[in-house]
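Every number in this text was worked out from the coordinates using simple rules, so none of it is lab data. Fair warning: this is a prediction, and the values are worked out from it, not measured in the lab. Here the Cβ positions follow ideal geometry from the backbone for every residue, glycine too, while neighbour counts run over all protein chains shown.
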Amino acid sequence: MKFIFSYLKKYSWTVALVVFIKFLGTFGELMLPYILEHLIDKVVPEEKMAPVIAWGIGMLVLALLVRQFNVKANRLAVKVAKSSIYEIRRDLFWKSINLSGKQFDEFGLPSLTSRMTSDSYNLQNFIQSIQAMGVRAPIMLLGGIIITMTMDPGLAAILCIMAPILIVIVVFVSFKGIPLYERVQRNVDDIVRIMRENITGIRVVKSLSKEDYEMRRFEKANATMAKNDVKAGSVMAMPGPIMTLFLNCGLTIVVAIGAYRVNEGVIEPGVILAFLTYFNMILMGVMGLNRIFMLMSKANASAKRIEAVVRAGEELTPISESEAAVAPTDDYIIFEHVDFTYDLSEAEEASEKFAGQTREKCLCDIHFSMKKGGSLGIIGATGAGKTTIINLLMRFYDPDKGHVFVDGRDVRTYDKDKLHRMFGVVFQNDVIFADTLYENIAFGREMDLEDVRRAARDARAGEFIEAYEDGYEHRAVIHGANLSGGQRQRTLIARALAAGPEILVLDDSSSALDYKTDAGLRKAIRENYGDATTIIIAQRISSIMNLDHILVLDEGRCIGYGTHQELMQSCQMYREIFNTQMGENVHGK
């Protein structure tokens, strides 16, 4: 809970004001039955109407003040809760987008999403409730017991015996609930993952008529979460009936003994009425404590999950030049005997499917270099490690073995923002945002419209953009669903070209382009971005065959490196790809 309170420090004066106002309101609430007892036992027997009216008006004024105190305290509590959760969500979002690739893989996108939504909601609910209920419940409990002690110590002793037992039960059950709620939140991660997969892949699901199959997957995850949620809720609900039973038994004993003592003339009837009211208040106080501990159990589980992200260390901080490896040559980009393996995510580690599993290397002994302004094509089967090379080059991950150099420096020596500004990148399945095409290309960088137009025309996107009535102000919907596949790819390439990058990376970014558009794009890059060092990952051999060098990957290993002509002589896999894709054209000649 220290994590939550660290965000409440700056609101300590407001929280103190909430506590003070809530104390006044609860104290006034406790005084109402006491005044009623005095009115019944002392004022009414005098048979004078004026004092009765005066005391009645006093009770009404006090009740109105209690209401206003509670309203004011609750509003301030809501304000503190919303402000603190705003800061927690802000820090969580900032940390999420600055996680290293390894950390992001460990947490997983579904888990990060649920931490931002359901976990933060649990914290907000707790912060809001603890300020109001956390004051009211214990004051109701203790205040009710103290006041009844002054009225009749004998009857109050019954409460004094029961209250500690009930509190122990509440605390014990609440601590049992924390691991149960942690399990429920992991189940929420699973549901978010399935929802995300189906929303982003809805066309595939529909085209293959797999709605029933996906529904069964969702029902299984949903049933697991419901089962664990019911179990957690059942455990946390146990104190309620037990407390009600104890208090009702105590109330029965108080009524029986009280009636006997009234009949004997030991106490007044108003005392019994006040006792009944205080019993209800004490019951409310104990139930309030039960709810507080239930919310605390949820909040504690959620706080641990959020804190794990927010407090995650900076893995990819720059190192000094003296600690870094020395580049073996003066080439611009160098991979020196690099090995790399992706780690399991939290969900995979928790899954029986991956129990005791070790992963094979994604890259093994990758070694190549490029001159400044040179061009490199990377080709290979799906899962060969093509995109992983880019991830290491941009230092989203650090290699397990070996070193990566850019412009004569180990990439680990670069400030990450400085390193990333050197790149213009289009990744596989890159994102079009729900915004104008201008903003999708400029992407928050200070660019005038002419710069955006130039990049769009070079990317062969200008023609279709300028055909819209609103041109570059035309809005794309989320994921660019109102654009064709080729239009999305050309818009993304324009984004990569717009800032005039030193290193241009196109990761399978022309698969939806026809051959003519693809050829025009490559020509524009050669003519207008010739100074950029270019890396193109492609499935089409025609997209890379004219580059300076080509790297052929197979299961994370380099099985060929050289020019097109050299690989046609030395690399059987490359030759087979060429013959498969280009054979008809060759024979046609």
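Only sites in a loop by DSSP and with at most 15 other Cβ atoms within 10 Å count here; which trypsin sites (Lys or Arg not before Pro) in the stretch 245-325 make the cut?
Working: sites: Arg261, Arg291, Lys298, Lys304, Arg305, Arg311; in loops: Arg311.
Filter output for the stretch 245-325: Arg311.
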Taking the Cα centroid of the stretch 381-445 and of the stretch 470-489, what is the distance between the two, rounded to the nearest whole Å?
23
Among the listed pairs Lys79/Lys231; Lys231/Lys304; Lys371/Lys523, which are separated by more than 28 Å between their Cα atoms?
Lys79/Lys231
Net charge (Lys, Arg +1; Asp, Glu -1) of residues whose beta-carbon lies under 9 Å from that of Asn70, Asn70 excluded, is +3
Report the net charge of residues surrounding Pro45, where surrounding means a beta-carbon distance below 13 angstrom and charges are Lys +1, Arg +1, Asp -1, Glu -1.
-3
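If you add up the charges near Tyr34, with Lys and Arg at +1 and Asp and Glu at -1, over every other residue whose beta carbon is less than 14 angstrom from its beta carbon, what do you get?
Working: positive: Lys42; negative: Glu29, Glu37, Asp41, Asp152, Glu268.
That works out to -4.
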List the GluC sites (Glu not before Pro) in the stretch 446-480 that DSSP assigns to loop (not H, G, I, E or B) and whose Cβ has at most 15 other Cβ atoms within 10 Å. Which are they?
Glu446, Glu469
Using only helices, what value at 222 nm comes out for the chain when you add -39,500 (n - 2.57) per DSSP H run of length 4 or more and divide by the total residues, to the nearest 500 deg cm²/dmol?
-21000 deg cm²/dmol
What relative contact order, as a whole-number percentage, does the stretch 383-510 give when Cα pairs under 8 Å and 6 or more residues apart are counted?
34
Packing rank of 9-22, 140-153, where each peptide gets the mean count of other beta carbons within 10 Å, highest leading
140-153, 9-22
Can you classify the stretch 232-276 as rounded, prolate or oblate using the Cα gyration tensor, where a ≥ b ≥ c are the square roots of its eigenvalues, rounded means a/c under 1.5, and otherwise it's prolate if a/b beats b/c and oblate if not?
prolate
Radius of gyration and Dmax over the Cα atoms of the stretch 101-199, both given in Å:
21.4, 67
How many angstrom separate the Cα center of the stretch 92-116 from the Cα center of the stretch 291-330?
10
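Taking only C-alpha pairs under 8 Å that are 6+ residues apart, what is the relative contact order of the chain in percent? List each step's numbers first, then the result.
Details: 820 pairs, mean separation 84.0, N = 589.
This gives 14 percent for the chain.
Run the numbers for Leu142 and Met422: contour at 0.36 nm per residue of separation, minus the present Cα-Cα distance, in nm.
Numbers: separation 280, 0.36 × 280 = 100.80 nm, distance 6.53 nm.
Taking 0.36 nm per residue and subtracting the Cα distance, the gain is 94.3 nm.
Show me the GluC sites (Glu not before Pro) within the stretch 1-69 that DSSP assigns to loop and that have at most 13 other Cβ atoms within 10 Å of their Cβ. Don't skip to the end; give the middle numbers.
Numbers: sites: Glu29, Glu37, Glu46, Glu47; in loops: Glu47.
Passing both the DSSP loop test and the Cβ count: Glu47.
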Just the projected area, averaged over all directions, of the convex hull on the alpha carbon atoms of the stretch 1-95: how many nm²?
7.3
